[in-house]
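Notes for the one structure printed next.
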Amino acid sequence: MARPKIALIGAGQIGGTLAHLAAMKELGDVVLFDIAEGTPQGKALDIAESGPAEGFDAALKGTNDYADIAGADVCIVTAGVPRKPGMSRDDLLGINLKVMKSVGEGIAKHAPDAFVICITNPLDAMVWALQKFSGLPAAKVCGMAGVLDSARFRHFLSLEFDVSMKDVTAFVLGGHGDTMVPLTRYSTVAGIPLPDLVKMGWTTQDRLDAIVQRTRDGGAEIVGLLKTGSAFYAPATAAIEMAEAYLKDQKRVLPCAAHVDGAYGLKGTYVGVPTVIGAGGIEKVIDIKLDKDEQAMMDKSIEAVKGLVEACKGIDNSLN
Ligand code: A3D
């Protein structure tokens, strides 16, 4: 049986890391696409040359021609621009929306059966636009944010409690922005919810609140340190976890920006929710019960996403 084909649209910092991870995990053959001439070709060759020492079997190809993504099983989209210090993700909307149009058309023409994972910011609005531009089924187009935001939350919690990150579970829902919703009640250490750990004296409510805020600011913290772009190792790892769940039909329960129609009282909105990812793409949106405060945070986040979607419609008439 032929190896799966993974197309990476955008061969920048995240794209290159995705290619390396996909090859090392032998998820399939990798095609790196970018408009910058030489970049995808150079990265593909460089990563291929790491194969003998690493011992992986995967073919890598760099290209500036959409025809080369033909028949891809998975497309991961990072094309566009990242933010610089002082910028919010929303500042990228105008420029990245145009990029989503060309990417959506390229995928629709050459890889209409792919599972598409968008990473380009502002995430929730870009994945919504990408689904519209590509016309692919909504269950096959999703955005990566919740896995990364939850991983950041898990990392900070593991430091606070001095326990293995493996034993910390966390759910961060809502839009991928300042209004994201880290759910402490549904986040645990080996099944013990965070509010119980506060009662047990493992941490204080103030310290937990500070960790929640650090999670919300997690992207900006890295941007502030790097100064030349945004995070790429953890974002790439998170998207690979989602791609693997699809390719291996793992039925993983992962938070991601999914098309929500019915759950959470939403009608066709893309926002971060818990999902099941398997061979059918987003096979299920899990409609968890939120308490009053959580629902208020979620509503605020959904409103922020809706505002960005309206801004997209204002820029591109075809989205109306
Ligand atoms: P960067 O290293 O600049 O790579 C972007 C690549 O896109 C560059 O190589 C460009 O040449 C290429 N590109 C630009 N326009 C097009 C086009 N029309 N078609 C194909 N390729 C194009 O950025 P990066 O890899 O660091 O980040 C990529 C995106 O991910 C940015 O929008 C970031 O804001 C976003 N990002 C999202 C998260 C989430 O958690 C959602 C995290 C980190 C970064």
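The values are calculated or read from the model by the stated rules, or taken from the named source; none is laboratory data. All of these numbers come straight from a predicted model, not from anything done at the bench. No Cβ is skipped: glycine too gets one built from the backbone with ideal geometry, and neighbour counts run over all protein chains shown. When the accessible area is computed, the model is the full protein with side chains, heavy atoms only, and any ligands, DNA or RNA have been set aside. Shrake-Rupley method; radii C 1.70, N 1.55, O 1.52, S 1.80 Å.
Here is a check on your reading of the model: is Leu60 more than 12 Å from the ligand (Cβ to nearest atom), open to solvent by less than 50 Å² (accessible area, probe 1.4 Å) and closer than 20 Å to Ala36 by Cβ?
yes
Can Pro255 be described as within 26 Å of Gly12 (Cα to Cα) and within 14 Å of the chain's Cα centre (by Cα)?
Criteria met by Pro255.
Out of everything in the range 107-123 that is part of a helix (DSSP H, G or I) and more than 8 Å from the ligand (Cβ to nearest atom), what residue ends up being most open to solvent (accessible area, probe 1.4 Å)?
Lys109
Anything in the range 70-85 that is touching a strand residue (DSSP E or B) at 6+ places or on another chain (Cβ under 9 Å) and within 11 Å of the ligand (Cβ to nearest atom)? List them, or say none.
Across the range 70-85, the qualifying residues are Ile76, Val77, Thr78, Ala79.
Spot the failing condition for Val81; the list is (1) open to solvent by less than 10 Å² (accessible area, probe 1.4 Å); (2) outside any helix (DSSP H, G or I); (3) of a type in the set (Val, Ile, Thr), and only one is missed.
(1)
Which of the residues spanning the range 130-172 are touching a Leu at 6+ places or on another chain (Cβ under 6 Å) and of a type outside the set (Val, Ile, Thr)?
Lys132, Gly143, Ala145, Phe171
Considering only the range 53-90, state which residues are touching a Gly at 6+ places or on another chain (Cβ under 6 Å) and at pLDDT 95 or above.
Tyr66, Thr78, Ala79
Is it the case that the range 152-160 has a residue that's within 14 Å of the ligand (Cβ to nearest atom) and touching a residue at least 40 places away in the same chain (Cβ under 8 Å)?
yes
Taking the stated definitions as given, is Val103 β-branched (Val, Ile, Thr) and surrounded by 23 or more Cβ atoms within 10 Å (Cβ to Cβ)?
yes
Could you check Lys43 against (1) charged (D, E, K, R); (2) under 21 Å from Leu136 (Cα atoms); (3) over 18 Å from the mean Cα position of the chain (by Cα) and say which number it fails?
(2)
Looking only at the range 134-180, how many residues end up being buried (at least 23 other Cβ atoms within 10 Å of the Cβ), out of contact with any Pro (no Cβ under 9 Å at 6 or more places or on another chain) and hydrophobic (A, V, I, L, M, F, W, C)?
Of the residues in that region, 5 qualify.
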